[in-house]
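To start, the structure under review is shown below, and the notes come after it.
The values are calculated or read from the model by the stated rules, or taken from the named source; none is laboratory data. Keep in mind it's a predicted model, so treat the numbers as computed, not measured. Glycine gets a Cβ as well: all are built from the backbone with ideal geometry, and neighbour counts include every protein chain shown. Quick note on the areas: whole protein, heavy atoms, side chains included, nothing else; ligands and nucleic acids left out. Shrake-Rupley method; radii C 1.70, N 1.55, O 1.52, S 1.80 Å.
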Amino acid sequence: MTAGTQCDNCRTFGPSRAPGWFYLGQQPGEETAPSILSALFGNPEEPLTFCTIKCLAEWAYVRNAAAEAAAGTEAGP
């Protein structure tokens with residue numbers, strides 16, 4: 001496929017505005033959000049896309065797990 005939308009998690013291609021896909025507007029930073037409306041609606045020019053709820057859940061899990069700092073040390077061999 002040469003044009004359309006690509007899933008941000010699994011890299012699957014689909015037609016633009018494919019039915020069943022999730023489109024999430026990215027949240028702008030506080031310094032770039034001049035109003036409450038822009039904070040609510042995010043950046044419509046570059047939305048995050050996910051092909052299924054499973055893709056969205058996997059992405060959210062990995063993002064959350066990667067954001068946590070290490071809690072200790074691993075035991076060596």
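May I ask you to list the residues in region 45-77 that are hydrophobic (A, V, I, L, M, F, W, C) and either within 20 Å of residue 23 (Cβ to Cβ) or touching a residue at least 60 places away in the same chain (Cβ under 8 Å) (or both)?
The answer is 48, 50, 51, 53, 55, 56, 57, 59, 60, 62.
Could you grab me the full set of residues in region 1-19 that are loosely packed, with under 10 Cβ neighbours inside 10 Å and within 17 Å of residue 59 (Cα to Cα)?
11
I'd like the full set of residues that are assigned to a helix (DSSP H, G or I) and at pLDDT 60 or above, limited to region 32-63.
53, 54, 55, 56, 57, 58, 59, 60, 61, 62, 63
Output the residues belonging to region 20-31 that are open to solvent by 60 Å² or more (accessible area, probe 1.4 Å) and at pLDDT below 75.
Within region 20-31, 26, 27, 30, 31 meet the criteria.
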